[in-house]
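*Asks:* This structure is in structure tokens; I'll ask about it shortly.
The values are calculated or read from the model by the stated rules, or taken from the named source; none is laboratory data. None of these values were measured; they are calculated from a predicted model. Cβ placement follows ideal geometry from the backbone for every residue including glycine, while neighbour counts extend to all protein chains displayed. Heads up: the accessible areas ignore ligands, DNA and RNA and are worked out on the full protein's heavy atoms, side chains in. Shrake-Rupley method; radii C 1.70, N 1.55, O 1.52, S 1.80 Å.
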Amino acid sequence: MGFDLAMPDLAMPEAATPNPAVTVSADSAETPDTLESFVSAANEGYKYGFVTDIEADEAEPGLTEDTVRFISAKKGEPEWLLSWRLKAFQRWQQMSDPQWAKLKIAPIDFQGACYYSAPKQNAGPKSLDEVDPELLKTYEKLGIPLGERAALAGVAVDAVFDSVSVATTYKEKLGELGIIFCSFGEAVREHGDLVRKYLGSVVPQGDNFFAALNSAVFSDGSFVYVPPGVRCPMELSTYFRINAAKTGQFERTLLIADKGSHVSYLEGCTAPQRDENQLHAAVVELIALEDAEIKYSTVQNWYPGDAEGRGGIYNFVTKRGACRGDRAKISWAQVETGSAITWKYPSCLLEGDHSVGAFYSVAITNNRQQADTGTKMIHIGRNTSSTVISKGISAGRGQNTYRGQIKVMPKAEDARNFTQCDSLLIGKSCGAHTVPYIDVRNPTARVEHEATTSKISEDQMFYCQQRGLPQEDALSLIVNGFCKEVLKELPMEFAVEAQKLLAVSLEGSVG
Amino acid sequence: MSNLLEIHDLRARTLGGRDILKGINLTIAPGEVHAIMGPNGAGKSTLSSVLAGKPGYEVTGGSVLYQGRDLLALPADARAREGIFLAFQYPVEIPGVNNTYFLRAALNAGRRHRGEPELDAAQFLKAVKEKLKLLDISSDLLQRPVNVGFSGGEKKRNEIFQMAMLEPRLAVLDETDSGLDIDALRVVSNGVNRLRDPQRAIVMITHYQRLLDYIVPDHVHVLSDGRIVASGDKTLAATLEQTGYAHLDSAAA
């Protein structure tokens, strides 16, 4: 049962990419200098491990009803939202953290964590000029195209620092099209009706332990609404950063694509290097109405802990999308390289007839990282189809589990699923596990599952080296080839970043 | 002219295994084509593996000088960047890696090593076209993943194409003729012949005399039980065709 409740996220169909500029073959000769990038990246280690010295406005550690009220008051929230949070908190108190995943987790002291940490500012920033320069420097180090650089890069960015959304670029330009892209807090103030209508409609407060926790204490996040028939002209992007020590980050993303609209959304994550574990429990809800398309891409590079498994982020994330109209499409693409522990199942509820879900995933575990990740595709409408491509790479003592559920409900006539699940092992002390759940309640369904497990062979490495490629480059090349089907689903700038991350993540895993 | 490769009393075995090379002596000058023949188990492939630096072998004695320097001190990738190329008997598949991309990465690794500017995509494709023309082979393999689903002939053709692109100083062709039908053999042999160059030495390792009808060597050596037991010009190969290896085995004993 536990599994049923726990996994969120969605994915999309093969041809769902609406913007041709976004789909780029990661290994073609036209992609410039990727291999060279591996080399420089491989020498960098975890380069996001810096800490920014910023005065923070924090809640007292611990979690009680008062904490929830404190957060809601800090955010100046309306009564309905406070009630919503309190209901979640009550549910959470009756729940226990899930044990079914193949993860070894030291007990988490939920009362020891701090549930609200905001960079101290007098009032919300009116423009980029008012944002704390230290914060902007942090984003600069992260390479985030905030401000003018956003315009150059053509990416609209909402940056979430610890728990609060700091600045949202490009708002005006999007506004002309009626697209709303803002912090969650602002959405509650300015677009309360939309938030109230959709919040929790895909991931209810009591969905699972971590979603309930998030629902009680979430402090900010991103909100997107794309009006009917509008094709969002740029990639929307959020960067999450956990800075403060002993802080949990609980952001919430709510993305609504109205009828016939289209949007591509990118999410990137980093955190400083700390010896203790930090908790990240986010919730992402996507709603695609009739004929709408959502593509949601994540490059997750939270601090993974050191080689002995000290420190690192606990990443417990509930991501789920609902295709709530006919022919709606939702596609998840993720590259998971960071975190000490990853617990994440981006899923799709295929409610509308002919709706389409897809999930493309690369998950890497090295050293003592553990990942239990996969997807759920729930076929509810007729002629629904889903595609799942999962690539797990295990190195060092990493443990990598694919856990996926394909469920075809009684009324889902002619549902189709194709799942391909490949594991790659590097070295002798790591593990790869595949746990598919298939639950078919309609005889017309066609469900395919393919799985492979392979090792990088000495012969492959030698072949590359004999052609002159240094060992690290040879490994990157082979691994990138293994992940190609997923990487090509990522928007180009993410694909390049992802390739670098693969190299960094596997540094020292051979030789 | 100084020698490109000087192998002196080379002894090697598989890691923790039995001795395979038992004292090889061989000297190769630039521009020469040598054929190394011998029965199964004589150590032909071990010799090529040891020269290329393949893991799993242990050199127990002797020396190899390449361009006057100790070759055995270099890791495999450095040897390649110094101009040693091995055409594999069984080229491995690398799924998902585009053949062209792979080759450009390899080529640029060598260029970086030599302090030459890297080739961008356009320059690289121009070079590809020139080499395809030189070898008179088609471009159908270029956009496929490295060796994945290639026929035996396609794999060998791809090896020779890589050799043409990487322009090695010393090319070792390990059983390049094995598994090829007569048409494929002709294509591959023509390619190798066009890559003969006064600056480049080629070592052909083969079981059969057949290959030498297409690529005529300057020197022929017979390897048996880890030693070179006979050397001569191309007529030696013809003699072997008549007498077989057994005769030489007993002569060496």
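*Asks:* Considering region B:222-253 alone, what residues qualify as being touching a Gly at 6+ places or on another chain (Cβ under 8 Å) and either at pLDDT 90 or above or not in a helix (DSSP H, G or I) (or both)?
*Replies:* B:222, B:223, B:224, B:225, B:226, B:227
*Asks:* Looking at B:75, B:168, can you tell me which residue is open to solvent by 20 Å² or more (accessible area, probe 1.4 Å), of a type outside the set (Gly, Ala, Ser) and under 20 Å from the mean Cα position of the chain (by Cα)? Working first, answer last.
*Replies:* Working: B:168 fails: open to solvent by 20 Å² or more (accessible area, probe 1.4 Å).
From the options B:75, B:168, the qualifying one is B:75.
*Asks:* Suppose we filter B:149, B:110 for residues that are buried (at least 21 other Cβ atoms within 10 Å of the Cβ) and modelled with pLDDT of 90 or more; which single one remains?
*Replies:* Details: B:149 fails: buried (at least 21 other Cβ atoms within 10 Å of the Cβ).
Answer to the selection: B:110.
*Asks:* Looking at B:68, B:83, B:62, B:56 in this structure, which one is touching a Lys or Arg at 6+ places or on another chain (Cβ under 8 Å) and either more than 14 Å from every other protein chain (Cβ to nearest Cβ) or open to solvent by 20 Å² or more (accessible area, probe 1.4 Å) (or both)?
*Replies:* From the options B:68, B:83, B:62, B:56, the qualifying one is B:62.
*Asks:* Yes or no: region B:141-152 includes at least one residue that is within 20 Å of residue B:81 (Cβ to Cβ), in contact with a strand residue (DSSP E or B) (Cβ under 7 Å, 6 or more places away or on another chain) and not charged (D, E, K, R).
*Replies:* no
*Asks:* For the structure I just gave you, tell me whether residue B:109 is without any contact (Cβ under 8 Å) to a residue 40 or more places away in the chain and among the aliphatic types (A, V, I, L, M).
*Replies:* Values: without any contact (Cβ under 8 Å) to a residue 40 or more places away in the chain: yes; among the aliphatic types (A, V, I, L, M): yes.
Yes.
*Asks:* Which count do you get for residues in region A:318-337 that are assigned to a strand (DSSP E or B) and modelled with pLDDT of 90 or more? Please lay out each step first, then the result.
*Replies:* The first filter runs over region A:318-337 and keeps only residues assigned to a strand (DSSP E or B), leaving A:318-323, A:329-336.
Imposing the further condition that a residue be modelled with pLDDT of 90 or more reduces the set to A:318-323, A:329-333.
Residues that pass the stated criteria total 11.
*Asks:* (1) touching a Leu at 6+ places or on another chain (Cβ under 9 Å); (2) of a type outside the set (Val, Ile, Thr); (3) surrounded by fewer than 16 Cβ atoms within 10 Å (Cβ to Cβ): which one isn't true of residue B:174, the others all being true?
*Replies:* (3)
*Asks:* Ok, one more. When only residues in region B:117-143 that are charged (D, E, K, R) and open to solvent by 70 Å² or more (accessible area, probe 1.4 Å) count, which is farthest from the other protein chains (Cβ to nearest Cβ)?
*Replies:* Let us first name the residues in region B:117-143 that are charged (D, E, K, R), namely B:118, B:120, B:126, B:129-131, B:133, B:136, B:140.
From what's left, open to solvent by 70 Å² or more (accessible area, probe 1.4 Å): B:120, B:126, B:129-130, B:133, B:136, B:140.
Working: B:120: 7, B:126: 12, B:129: 13, B:130: 16, B:133: 18, B:136: 22, B:140: 16 Å.
Ranking the candidates gives B:136 first.
*Asks:* Another one. Which numbered condition in (1) open to solvent by 10 Å² or more (accessible area, probe 1.4 Å); (2) more than 14 Å from chain A (Cβ to nearest Cβ) is the only one that residue B:98 fails?
*Replies:* (2)
*Asks:* Kindly indicate which of B:228, B:182 is surrounded by fewer than 17 Cβ atoms within 10 Å (Cβ to Cβ), hydrophobic (A, V, I, L, M, F, W, C) and more than 14 Å from chain A (Cβ to nearest Cβ).
*Replies:* Details: B:228 fails: surrounded by fewer than 17 Cβ atoms within 10 Å (Cβ to Cβ).
None of the others qualify; the one that does is B:182.
*Asks:* Another question, then. If you take the residues in region A:175-193 that are under 23 Å from the mean Cα position of the chain (by Cα) and at pLDDT 90 or above, which one is surrounded by the fewest Cβ atoms within 10 Å (Cβ to Cβ)? Spell out how you get there, then give the answer.
*Replies:* Here is the first cut: in region A:175-193, the residues under 23 Å from the mean Cα position of the chain (by Cα) are A:179-188.
This time we only want the ones that are at pLDDT 90 or above, so: A:179-180, A:187-188.
Details: A:179: 23, A:180: 19, A:187: 23, A:188: 22.
Filtering first and then ranking leaves A:180.
*Asks:* Kindly indicate which of B:26, B:15 is surrounded by fewer than 23 Cβ atoms within 10 Å (Cβ to Cβ), among the aliphatic types (A, V, I, L, M) and in contact with an Asp or Glu (Cβ under 6 Å, 6 or more places away or on another chain).
*Replies:* Details: B:26 fails: in contact with an Asp or Glu (Cβ under 6 Å, 6 or more places away or on another chain).
Going through B:26, B:15 in turn, the sole match is B:15.
*Asks:* Looking at region B:33-60, which of its residues are part of a helix (DSSP H, G or I) and closer than 18 Å to residue B:232 by Cβ?
*Replies:* Correct list: B:44 only.
*Asks:* Additional query: Test residue B:91 against the criterion of being facing chain A (nearest Cβ under 8 Å) and open to solvent by less than 60 Å² (accessible area, probe 1.4 Å), and give yes or no.
*Replies:* Numbers: facing chain A (nearest Cβ under 8 Å): yes; open to solvent by less than 60 Å² (accessible area, probe 1.4 Å): yes.
Taking the combined requirement at face value, the residue satisfies it.
*Asks:* Only one of A:393, A:341 is over 26 Å from residue A:328 (Cβ atoms) and touching a helix residue (DSSP H, G or I) at 6+ places or on another chain (Cβ under 9 Å); which?
*Replies:* Numbers: A:341 fails: touching a helix residue (DSSP H, G or I) at 6+ places or on another chain (Cβ under 9 Å).
Testing whether each residue is over 26 Å from residue A:328 (Cβ atoms) and touching a helix residue (DSSP H, G or I) at 6+ places or on another chain (Cβ under 9 Å) leaves just A:393.
*Asks:* Among (1) in a strand (DSSP E or B); (2) in contact (Cβ under 8 Å) with a residue 40 or more places away in the chain; (3) of a type outside the set (D, E, K, R), there is one condition residue B:27 misses while meeting the rest; what is its number?
*Replies:* Against the list (1) in a strand (DSSP E or B); (2) in contact (Cβ under 8 Å) with a residue 40 or more places away in the chain; (3) of a type outside the set (D, E, K, R), residue B:27 comes up short only on (2).
*Asks:* Among (1) open to solvent by less than 40 Å² (accessible area, probe 1.4 Å); (2) within 13 Å of chain A (Cβ to nearest Cβ), where does residue B:195 come up short?
*Replies:* Going through (1) open to solvent by less than 40 Å² (accessible area, probe 1.4 Å); (2) within 13 Å of chain A (Cβ to nearest Cβ) one by one, residue B:195 breaks only (2).
*Asks:* In region B:37-50, is there at least one residue being modelled with pLDDT of 95 or more, open to solvent by 20 Å² or more (accessible area, probe 1.4 Å) and at negative phi?
*Replies:* no
*Asks:* Separate question: Please count how many residues of region A:432-475 are open to solvent by less than 10 Å² (accessible area, probe 1.4 Å) and more than 9 Å from chain B (Cβ to nearest Cβ).
*Replies:* The qualifying residues number 2.
*Asks:* Take the conditions modelled with pLDDT of 95 or more and either touching a Ser or Thr at 6+ places or on another chain (Cβ under 8 Å) or open to solvent by less than 60 Å² (accessible area, probe 1.4 Å) (or both) and apply them to residue B:105. Does it pass? Can you show your working first?
*Replies:* Details: modelled with pLDDT of 95 or more: no; either touching a Ser or Thr at 6+ places or on another chain (Cβ under 8 Å) or open to solvent by less than 60 Å² (accessible area, probe 1.4 Å) (or both): yes.
Judged against the criteria, residue B:105 is not a match.
*Asks:* Now, a different point. Need the failing condition index for residue B:74 against (1) without any contact (Cβ under 8 Å) to a residue 24 or more places away in the chain; (2) within 18 Å of residue B:4 (Cα to Cα); (3) away from chain A (no Cβ under 13 Å), just the number.
*Replies:* (3)
*Asks:* For region A:431-451, state whether one or more residues are more than 28 Å from residue A:379 (Cβ to Cβ), of a type outside the set (Ser, Thr, Tyr) and out of contact with any Cys (no Cβ under 8 Å at 6 or more places or on another chain). Step through it out loud before you land on a result.
*Replies:* Kept after step one, since they are more than 28 Å from residue A:379 (Cβ to Cβ), are these residues of region A:431-451: A:431.
From the residues that got through so far, the ones that are of a type outside the set (Ser, Thr, Tyr) too are A:431.
Then keep just the ones that are out of contact with any Cys (no Cβ under 8 Å at 6 or more places or on another chain); that gives A:431.
Scanning region A:431-451 turns up at least one residue that is more than 28 Å from residue A:379 (Cβ to Cβ), of a type outside the set (Ser, Thr, Tyr) and out of contact with any Cys (no Cβ under 8 Å at 6 or more places or on another chain).
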